[in-house]
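Working notes, structure below.
The values are calculated or read from the model by the stated rules, or taken from the named source; none is laboratory data. Being a predicted model, the structure only gives us computed values, none of them experimental. Every residue, glycine as well, gets a Cβ built from its backbone with ideal geometry; the counts of neighbours run over all protein chains shown. These area figures cover heavy atoms from the full protein model, side chains too; ligands, DNA and RNA do not enter into them. Shrake-Rupley method; radii C 1.70, N 1.55, O 1.52, S 1.80 Å.
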Amino acid sequence: MAITNVIFTGVGGQGVLLASDVLAEIALRHGLDVKKSEVHGMSQRGGSVISQVRFGEKIYAPLVSLNQADFIVAFEKLEAVRYLDYLKPNGVMIANDYEIIPATVEFGDVEYPKEILPVFMKKTNRIILENITKLAEGLGNPKVLNVIMLGILSNYLEIPEPVWRGAIKTRVPDKFLELNLKAFQAGREIRETAPGIVPQP
Amino acid sequence: MKVVLSGNEAVARGFYEAGGRFASAYPGTPSTEVLEAIAKFDEIIAQWAPNEKVAVEVAAGASLGGARALAVMKHVGLNVAADPLFSLSYMGVNGGFVIMTADDPGMHSSQNEQDNRWYAKAAKLPLLEPSDSQEARDFTIQAFEISESFDTPVLLRTTTRVSHSKSVVLTGERIDVPLKPYRKELTKNVLLPSTGRLRHPVVENRLKKLRAFSTVSGLNWVDWGDRKIGIITNGIAYQYAREVMPGASYLKLGMTYPLPEKLIKEFAEGVETLYVIEELDPFIEEQVRMLGIKVTGKEKVPGIGELNPDIVSAALLDRMLAEDDFQKSELKLPERSPVLCAGCSHRGVFWALKKLRVTVMGDIGCYTLGALPPLNAMDSCLNMGASVGMAEGMVKVNPEKFQKKLVGIIGDSTFIHSGITSLIDMVYNRGITTVIILDNRITAMTGHQENPASGITLQHEQTKPLDLTKLSEAIGIRRVRKIDPYNLKETTAVIREEMQSPEPSVIIADAPCVLYEKLKLGPVYYVDQEKCVACDLCYKIGCPALVPGPNGRKPVIDPLSCIGCDQCAQVCNLDAILPEDLTFDNLARRGRSG
Ligand SMILES: Cc1ncc(C[n+]2csc(CCOP(=O)(O)OP(=O)(O)O)c2C)c(N)n1
Ligand code: SF4
Ligand code: SF4
């Protein structure tokens, strides 16, 4: 089996690291070698967070190379663009259509990018761009954002659904299990935003 | 059992399996999680030390007392612990003793990127460097065996990518290692000139034996592939090299000091072109050259910053680094750097310092973020504890300019770590400077570790809290004042007053870390869009909950992140920022007219 490279990204506090932990656990349960790398540092203070997961028969580097990510799972739009260089040409971009304005925008001169979809489309036409935060809130808790994102990702990987559900079970407290499984299912039902749109030259 | 562990968790696991009994550490990214993971094992005594020197000394005592002991720190922490380190090399061990240093190439969360492998060479200690979590576990166990067989402390060095990456680990059971009997041994354990002279030859001899062991230890091994290219590599660099050149011949070094000279010579003879791929300094490369071997290293592999597969591939394959495809050139993205949390207690103090236009000798902690825009209220940050001494020195040489216009500012954990002795210096040498201690009773920056000021241990048990007021008084400070940093008026007034005073003074900003305590200080605030004139003043306190709204630059407050600390409201001259629940007595409490 070829190596799968996934980059999770978002803002401190959004549950990015937990999502990548769950994926690593799933890969292990599926009998694969797996490595995952992240930088904790000051992620709690609202900094940008990136976590990379690689799995397959044998993994050496815990880091994904430029243009090598099969998937980018972005919990925030700006962070999706920030790591776009890592996406394989025509890899899958799973992005939460949700903005968290960084403090630097208030006193700096760089603006929050406005139109994101065309930027994505320079690299791929396999895009999911939806407001998942709103969906999570609709389910009753914005915190399940990360499990919905995993649900979306699960559609693309040849790992049986029970393995996903089993790994989620070990990671969430019993009283939130039902909500999380519901969130996972909600993710599984999401389809690509703009199927068949061919990138403009 | 097979589990996914981070490098740090794997070191903790290895220590547990090795029969470890005592561990001490001072927090510091990327090393902190080691002790936190060890704390979960009931069999091990685990404790936070006030600084790295103490961590090593307490663990040295545990080792002398017969236990397998571990001390953990980040790279710069080993500078603090260097004094015991060098002499422990002479003293040797009773129970096995391992000192772990976690380096931070790329400076993800550090002020420099020193390469701590030089410490092994300078202190003549064996050095092990794992390249993934499995090795982190295995090497930790082996480090204890080496420590006891060779009567030496062992340095275990990780880097951020090893400590914080996760990979699959096959774990084992804990072995029971009974306490070694204690014997009084003057010539070994009482280091004096006379005994030190006896120990130095022992150390040199030990190094010789370790050099021979390095070749046969199993920690260093050769994997012959294509003989055209031979790569000597270590740590995470091995993984990158293997990724981009899976078919080359490898000499993978797990023990990087002393080096396996025989193995290196054999390997070099067996390949056409020899590379050393290592992160940061040419530590291995220089030693290989000393053996008279021709090798390519730092002329191709950068010695600054972290490596990654792209950089290693560029070095090995002589390619140009892949340019970012398209977007960075076209699209400028705003940075998302860390900021002080919404409602952080440090913010008020920096606001006051900025307003008073004070020169600020700063220090390391969350509060270093006060140096960045929009607060910009810090002039220096050198190393932990430096603020107090630097403030004293600066005032001493130019009192006309600085005496009434300068403060030192330091967090509680940092003050306890190494600010106390400088305060003693100031009193002893009749310095006249104001020191502000930001006492949030926790080591927040590194992820909220308990410290002596918290009065809580690593295991969350109660202990006697250190009283910073009494401590300052005992040092000889007569003017010790506590302030509520959320009261901006009082905070500004007290700092102004104390800077005027003709003797040294300490101001303790007394408020817990709101993130750690998950505090709500009051009702959520809102900006009255009618009253607001978009003067931008409130942005200058830099609360991340206050963001531009739909009306141009007029701010709105994000109700999910606002914790009702009232600071922005105190800054607004037009009373346009108000608590949503007006019955709350914040306005009165903060002494505002309303
Ligand atoms: C010698 C050394 N050890 C450890 C660290 C890691 N470190 C940075 S700041 C800090 C302590 C911060 O705590 P405190 O002073 O209480 O400030 P806070 O973050 O709570 O505001 C630590 C442990 C370091 N930079 N240098
Ligand atoms: S973690 Fe605590 S001390 Fe650090 S910025 Fe947040 S509130 Fe302030
Ligand atoms: S009251 Fe103002 S300064 Fe305090 S947390 Fe809310 S928005 Fe931030």
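Tabulated data
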| quantity | calculated |
| --- | --- |
| Interface size B-A, as summed buried accessible area [1.4 Å probe, Å², nearest 100] | 4600 Å² |
| For segment B:119-131, 3J(HN,Hα) per residue [Karplus equation, 6.51 cos²θ - 1.76 cosθ + 1.60, θ = phi - 60°, Hz, x = Gly/Pro] | 4, 4, 5, 5, 9, 6, 10, x, 10, 10, 9, x, 10 |
| Amide H contacts under 5 Å for B:Ile507, placed H, 5+ residues apart | B:Val435, B:Ile436, B:Ile437, B:Arg481 |
| Principal axis dimensions, segment B:106-155 - Cα atoms, whole angstrom, descending | 36, 28, 12 |
| Distance in nm between pseudo-label sites at B:Lys298 and A:Lys114 (7 Å out along the Cβ direction from Cα) | 5.0 nm |
| Tensor-based shape of segment B:21-143 (alpha-carbon gyration tensor, a/c under 1.5 rounded, otherwise prolate or oblate) | rounded |
| Sum of -39500 (n - 2.57) over DSSP H runs of 4+, divided by residues of chain B (222 nm, nearest 500) | -10000 deg cm²/dmol |
| Distance between segment A:2-69 and segment B:414-470 - C-alpha centres, whole angstrom | 37 Å |
| Accessible surface of B:Asp575 - all protein chains present, 1.4 Å probe, nearest 10 Å² | 40 Å² |
| Solvent exposure ordering (accessible area, 1.4 Å, most first) of B:Arg137, B:Arg289, B:Arg157, B:Arg430 | B:Arg430, B:Arg289, B:Arg137, B:Arg157 |
| B:Tyr516 accessible area, 1.4 Å probe, all protein chains in place, Å² to nearest 10 | 80 Å² |
| For B:Tyr257, distant residues with modelled amide H under 5 Å away | B:Leu127 |
| Accessible surface of the protein assembly as shown [probe 1.4 Å, protein heavy atoms]: carbon and sulfur percent | 54 percent |
| Greater than 20 Å apart at Cα, pairs in B:Lys355/B:Lys404; A:Lys35/A:Lys175; B:Lys354/B:Lys405; B:Lys265/B:Lys294; B:Lys208/B:Lys265 | A:Lys35/A:Lys175 |
| 3J(HN,Hα) from dihedral phi, segment B:102-118, Karplus parametrisation 6.51/-1.76/1.60, rounded to Hz, x for glycine, proline | 10, 7, 10, x, x, 6, 4, 8, 8, 9, 8, 10, 4, 9, 6, 5, 4 |
| Alpha carbon Rg of chain B, scaled by the compact-globule rule 2.2 N^0.38 Å | 1.09 |
| Rounded if a/c under 1.5, otherwise prolate or oblate - the protein assembly as shown, Cα gyration tensor axes | oblate |
| Those trypsin sites (Lys or Arg not before Pro) in segment B:39-121 that DSSP places in a loop and that have at most 13 other beta carbons within 10 Å | B:Lys40 |
| Amide H within-cut-off set for B:Ala23, under 5 Å, with H built and near neighbours excluded | B:Ile45, B:Ala46, B:Gln47, B:Leu70 |
| Span-rule helices in chain A, defined as complete DSSP H runs reaching 18 Å or more along the axis (Cα) with Kyte mean at least -1.0 | A:16-29, A:174-188 |
| log₁₀ of I(q)/I(0) at q = 0.11, 0.14, 0.15, 0.21 Å⁻¹ - segment B:346-517, Debye sum with one point per alpha carbon | -0.39, -0.65, -0.75, -1.54 |
| Entries in B:Lys2/B:Lys252; A:Lys58/B:Lys300; B:Lys464/B:Lys520; B:Lys184/B:Lys209; A:Lys77/B:Lys332; B:Lys396/B:Lys489 that, when Cα-Cα distance is taken, lie over 19 Å | B:Lys2/B:Lys252; A:Lys58/B:Lys300; B:Lys464/B:Lys520; B:Lys184/B:Lys209; B:Lys396/B:Lys489 |
| In order through segment B:559-569: 3J(HN,Hα) via Karplus (6.51 cos²θ - 1.76 cosθ + 1.60), integer Hz, x for Gly, Pro | x, 6, 9, 5, 10, x, 7, 6, 5, 5, 5 |
| Relative contact order [Cα under 8 Å, 6+ residues apart], chain B, whole percent | 10 percent |
| Cα gyration tensor, chain A - rounded (a/c under 1.5), prolate or oblate | rounded |
| Rounded accessible area per residue of chain B, 1.4 Å, Å² | 40 Å² |
| Where labels lie 7 Å past Cα in the beta-carbon direction, separation of B:Glu461 and B:Lys121 in nm | 4.4 nm |
| B:Asp83, B:Asp151, ranked by accessible area, largest first (probe 1.4 Å) | B:Asp83, B:Asp151 |
| With at most 16 neighbouring Cβ atoms within 10 Å, loop GluC sites (Glu not before Pro) (DSSP) excluded, longest segment of chain B | B:44-172 |
| Value of relative contact order over segment A:4-188, rounded to a whole percent, pairs C-alpha under 8 Å and six or more apart | 21 percent |
| Those aspartates and glutamates that a straight Cα-Cα span of less than 19 Å connects to B:Lys180, excepting residues fewer than 8 apart in one chain | B:Glu17, B:Glu43, B:Glu57, B:Glu145, B:Glu148, B:Asp151 |
| Accessible area (Å², 1.4 Å probe, nearest 10) - B:Cys543 | 20 Å² |
| Theoretical gain in end-to-end length, B:Lys518 to B:Leu179 [0.36 nm per residue, Cα-Cα removed] | 117.8 nm |
